[in-house]
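What follows is a single structure, written as structure tokens, with notes after it.
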Amino acid sequence: MIALIDYGAGNLTSVRKALSALGAEHRTPTMPGELAEAQAIIVPGVGHFQATARLDEAWRQAILAKVEAGCPLLGVCVGMQWLYEGSTEAPDVPGLGLLKGRCERLPDREASGARLKVPHVGWNSLEPCRKSPLLDGIEPGAQVYFTHSYAGPVTEETEAATEYGTRFAALVARGRVAGMQFHPEKSGVAGLRLLRNFLEGISSHSDAVETDHRLSRRP
Amino acid sequence: MLSKRIIACLDVRNGVVVKGVQFEGLRQAGDPAALARRYNTEGIDELVILDVTATIESRRALADTIHQVAQEIFIPLTVGGGIRSEADADAAVEAGADKVSLNTAALKTPELLTRLASRYGSQAVVVAIDAKRAEGGYAVYARSGQTAASRDAVEWAREAESRGAGEILLTSIDRDGTRSGFDCEMTAAVSNAVSIPVIASGGAGGFDDFVDVFTRGCADAALAASIFHYSESAVHDLKAHLRAHGIPVRL
């Protein structure tokens, strides 16, 4: 079961639909304690970084404990930004700090001086930065749907970057923690494939847990 | 590089697409879900479902239509037509809309934009502006072009942005249905006045009209309905044409 975290930032309908289309069982826990049985956690999100403040200390601790235990975690859009140390959008709201760096506002000028609209809305391309199972079946330059004004920096944890006035992290991964700045649930075939790649990582995690369990029972 | 978006509009009434749909081989002609599926396969970037009657009876049909389309198509879906309250917006979002488009209600109650933006995020709030050329500017009309709103399109677009709108869907009443090209001057005037994306609508006749609106018109996206009905490959052919003219698209 995948736990879909609802912190009141927009609607979860499209993420739920995409997970159902991929055959993934999902639930929206109402209490941090309900995360215990989750095989993976998805933090979706649209809107303002401030909204993540609704995930209080109990939620933060429950999510961090699951990650510590090896549970895969995916943050989407603002949910991904929350995985960093923080964001200039709401400087007083701490991120989870699982990824290095802070999110900054996208520039409103190209290097050439040409005006750029912020928010960045629409389809833009993914440039892979390294080989990653999350990018299986995704052609370099494949386009996905973005809608955001803030973004995380390109670091050694970035799997794919996107260019909009600056290069920012579109897809990140560190161990079993992943983030997608775009909306995979709104990105057509490419988006569903990226989501499926994440889900396939979960089943390999569950297999690993099962294997560990069997090993531990061996006399 | 950010692509220019091509958006198809489905005008529906009581669950049926009302503008002439002439796809060959489309078994359920007029079925919005079938048409949406078709456009999606052809590579459309986004869909808008517009309830052209917006009566109480058509509301349920609309919710069914949104649900059907949203169930199988994973690209952004906007719903408009008769959204007058938070409850109307909730129903559309609940059924599967990613964005709601407001026109008359936003003119009458601009605070509604702010309330919807704080509930769903600005990215979910589209303000539809219907305007025509007037002395010294562009006059906004409400009620499907029936009533002058005594507002200028550029000024209203700025206010809508400041109140929380995330996109502007700008329709030229002068050009709508004429197939004589988008109103590029009006589109550029609005697009350059705001930081949110502007979707140009009204007047699409040929592929070069799209080249014009993305260059001279400074549009971020362009919306059309009937132009996509004539050939099964219209969306793809249009995008290939745009790319050949140096305009970034998703192909």
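The values are calculated or read from the model by the stated rules, or taken from the named source; none is laboratory data. Small disclaimer: the values here were computed from a predicted structure and weren't measured. Virtual Cβ from ideal backbone geometry, glycine too; neighbours counted across all protein chains shown.
Residues in region A:30-63 that are surrounded by 14 or more Cβ atoms within 10 Å (Cβ to Cβ), over 21 Å from residue A:197 (Cβ atoms), free of Cβ contacts under 8 Å to residues at least 60 places away in the same chain and within 14 Å of chain B (Cβ to nearest Cβ): 5 in all. Counting only residues that are touching a residue at least 40 places away in the same chain (Cβ under 8 Å) and of a type in the set (Gly, Ala, Ser), which one in region B:54-67 is farthest from residue B:32 (Cα to Cα)? Going through the qualifying residues, I end up with B:58.
Suppose the filter is in a helix (DSSP H, G or I), aliphatic (A, V, I, L, M) and on the phi < 0 side of the Ramachandran plot; does residue B:190 pass it? Judged against the criteria, residue B:190 is a match.
Residue B:104 meets all of the listed conditions (1) farther than 30 Å from residue B:2 by Cβ; (2) away from every other protein chain (no Cβ under 12 Å); (3) surrounded by fewer than 20 Cβ atoms within 10 Å (Cβ to Cβ); (4) modelled with pLDDT under 95 but one, namely (3).
Listed here are the residues, each with its yes/no results for (1) within 12 Å of another protein chain (Cβ to nearest Cβ); (2) in contact (Cβ under 8 Å) with a residue 60 or more places away in the chain; (3) within 24 Å of residue B:144 (Cβ to Cβ); (4) out of contact with any strand residue (DSSP E or B) (no Cβ under 8 Å at 6 or more places or on another chain).
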| residue | (1), (2), (3), (4) |
| --- | --- |
| B:41 | yes, no, no, yes |
| B:46 | yes, yes, yes, no |
| B:69 | yes, no, yes, no |
| B:72 | yes, no, no, yes |
| B:75 | yes, no, no, no |
| B:83 | no, no, yes, no |
| B:86 | no, no, yes, yes |
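A residue that is surrounded by 13 or more Cβ atoms within 10 Å (Cβ to Cβ), modelled with pLDDT of 95 or more and assigned to a loop (DSSP other than H, G, I, E, B) occurs somewhere in region A:64-72. Looking only at residues of region A:128-146 that are touching a residue at least 40 places away in the same chain (Cβ under 8 Å) and touching a strand residue (DSSP E or B) at 6+ places or on another chain (Cβ under 8 Å), we find that the one that is farthest from the other protein chains (Cβ to nearest Cβ) is A:132.
In the set (1) within 14 Å of another protein chain (Cβ to nearest Cβ); (2) part of a helix (DSSP H, G or I), residue B:247 fails one condition alone, (2). Filtering region B:162-205 to residues that are small (Gly, Ala, Ser) and within 19 Å of residue A:147 (Cα to Cα) leaves B:162, B:164, B:165, B:166, B:191, B:195, B:200.
Do we find that residue B:2 is within 12 Å of another protein chain (Cβ to nearest Cβ), touching a helix residue (DSSP H, G or I) at 6+ places or on another chain (Cβ under 6 Å) and modelled with pLDDT of 95 or more in this structure? No.
So that you can scan it fast, the table gives a plain yes or no per residue for (1) facing chain B (nearest Cβ under 10 Å); (2) of a type outside the set (Asp, Glu):
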site	(1), (2)
A:112	no, yes
A:117	yes, yes
A:124	yes, yes
A:148	yes, yes
A:156	no, no
A:165	yes, yes
A:172	no, yes
A:177	no, yes
A:180	no, yes
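The residue pairs whose first member lies in region B:9-28 and is closer than 17 Å to residue B:232 by Cβ, whose second member is at pLDDT below 50 and part of a loop (DSSP other than H, G, I, E, B), and whose beta carbons are closer than 9 Å, counting only pairs six or more residues apart or on different chains, do not exist in this structure.
Go through region B:114-166 and tell me which strands (runs of 3 or more DSSP E), entirely inside it, have 3 or more residues that are in contact with a Gly (Cβ under 8 Å, 6 or more places away or on another chain). Because the criterion is at least 3 residues that are in contact with a Gly (Cβ under 8 Å, 6 or more places away or on another chain), the strands (runs of 3 or more DSSP E) in region B:114-166 that meet it are B:125-134.
In region A:27-59, how many residues are more than 18 Å from residue A:178 (Cα to Cα) and in a strand (DSSP E or B)? Residues flagged as more than 18 Å from residue A:178 (Cα to Cα) and in a strand (DSSP E or B) within region A:27-59 amount to 1. Cβ contacts < 7 Å: first residue over 14 Å from residue A:199 (Cβ atoms) and away from chain B (no Cβ under 11 Å), restricted to region A:1-29; second residue buried (at least 19 other Cβ atoms within 10 Å of the Cβ) and small (Gly, Ala, Ser), any location; separation 6+ or different chain. Result? That search, which allows pairs on different chains as well, returns A:7/A:51; A:27/A:3; A:29/A:3.
For region B:155-173, the condition of being among the aromatic types (Phe, Trp, Tyr) and within 13 Å of another protein chain (Cβ to nearest Cβ) holds for none of the residues. Check off (1) crowded, with 24+ Cβ neighbours inside 10 Å; (2) over 14 Å from the mean Cα position of the chain (by Cα) for residue A:170 and give me the number that stays unchecked. In the conditions (1) crowded, with 24+ Cβ neighbours inside 10 Å; (2) over 14 Å from the mean Cα position of the chain (by Cα), residue A:170 misses (2) alone.
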